[in-house]
Amino acid sequence: MVGQPIPSSVSPLRQDLFLSIEPITGEMWPGVQTLPVMDPWTSDGVHFRQAGIPVYGLSDIFFDMNDNRAHGKDERVGVREFCEGIEFMYRVMRTLADK
C-alpha cells in the first residue's frame, strides 16, 4: 500500500433522493427495491466528502450472479442491461435536474 488511507465522513441518507429514484426503479424493474448500501471499494468521492460535499453512487446494471466477470480479463455486461442502465441514469438525472 502506498501512503495512508484518507478517512472521510459518511454522506447522510436523504429521503428525497430515495423518493425520486424509487418510482423510476419500479417503472423499469417492477418488484426491485431501492436500498442504501455502503460499497466496499474506494472512489474519488472521499475528496468531495472531506470538503463537505455529500457523494452518492447508484448502481444500475444487473448481471447474472453466476457469471460475474467484474474486473476480469473477459469483463462484460449484457447489451440489454447496458442500455437499461443508460436509460435508468437518464431518467434519474432528468428527475433530479427538475427539482
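Nothing in this text is a laboratory measurement; each read-out follows from the coordinates by a stated rule. These numbers come from a predicted model, not from an experiment. Note that we place each Cβ from the backbone using ideal geometry, even for glycine, and neighbour counts take in every protein chain shown.
At full extension, Asp64 and Leu96 could sit 8.6 nm farther apart than now, given 0.36 nm per residue minus the alpha carbon distance. Normalising the Debye intensity of the range 15-97 to I(0), with uniform scatterers on Cα atoms only, and taking log10 at q = 0.20 Å⁻¹ returns -1.15. Would you work out the relative contact order for the range 15-97, in percent, from Cα pairs under 8 angstrom that are 6 or more residues apart? With pairs under 8 Å counted, the relative contact order is 33 percent.
Just going by the charge dipole of the chain, with Lys and Arg at +1 and Asp and Glu at -1 on Cβ, which of His47, Leu13, Gly26 is farthest out on the positive end? Farthest along the dipole direction, towards plus: His47. Placing +1 on the Cβ of every Lys and Arg and -1 on the Cβ of every Asp and Glu, with nothing else charged, gives the chain a dipole about its Cα centre of roughly 280 debye.
How far apart, in nm, are two points set 7 Å out from the Cα along the Cα-to-Cβ line at Leu13 and at Asp39? Distance between the two pseudo-spin positions: 1.9 nm. Measuring r between the beta carbons of Val32 and Val2 and using R0 = 35 Å, the FRET efficiency lands at 0.35. The loop-placed chymotrypsin sites (Phe, Trp or Tyr not before Pro) in the range 40-99, going by DSSP, that have at most 13 neighbouring Cβ atoms within 10 Å of their Cβ come out as Trp41, Tyr56, Phe63.
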